[in-house]
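Read-outs throughout are calculated quantities, based only on the coordinates presented, and are distinct from any laboratory measurement. The structure presented is a predicted model; accordingly, all values stated were derived computationally and were not measured. In this analysis, Cβ positions are derived from the backbone assuming ideal geometry, glycine residues included, and neighbour counts consider all displayed protein chains.
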């Protein structure tokens, strides 16, 4: 055990580099996780926006049709 402590004590830079590598790996893993989650949320938002757009287009078409029918009914009455 003493030899292990002596080697660590004689080479503190190796410990620091290993610690930095661990932190770097953890940060990269966290960034990848966040990126994947953001991509998923982004896809969900775009899907919801597309659905809202289709529904609004359908509503607009229904309103225009209703307006045309109303105008046709009012012009056909004497």
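Once a ≥ b ≥ c are taken as the square roots of the eigenvalues of the Cα gyration tensor of the stretch 10-76, is the result rounded (a/c under 1.5), prolate (a/b larger than b/c) or oblate (a/b not larger than b/c)? If you can, show how the numbers build up before the last one.
Details: a/c = 17.63, a/b = 11.63, b/c = 1.52.
It comes out prolate by the Cα gyration axes.
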* Inter-label distance for residue 55 and residue 37, nm, one decimal - labels placed 7 Å from Cα along Cα-to-Cβ -> 2.7
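Can you tell me how much longer the chain between residue 18 and residue 66 gets when fully stretched, taken as 0.36 nm per residue apart minus their C-alpha distance, in nm with one decimal? Kindly include the intermediate steps, with their values, before the conclusion.
Working: separation 48, 0.36 × 48 = 17.28 nm, distance 7.14 nm.
My answer for the length gained is 10.1 nm.
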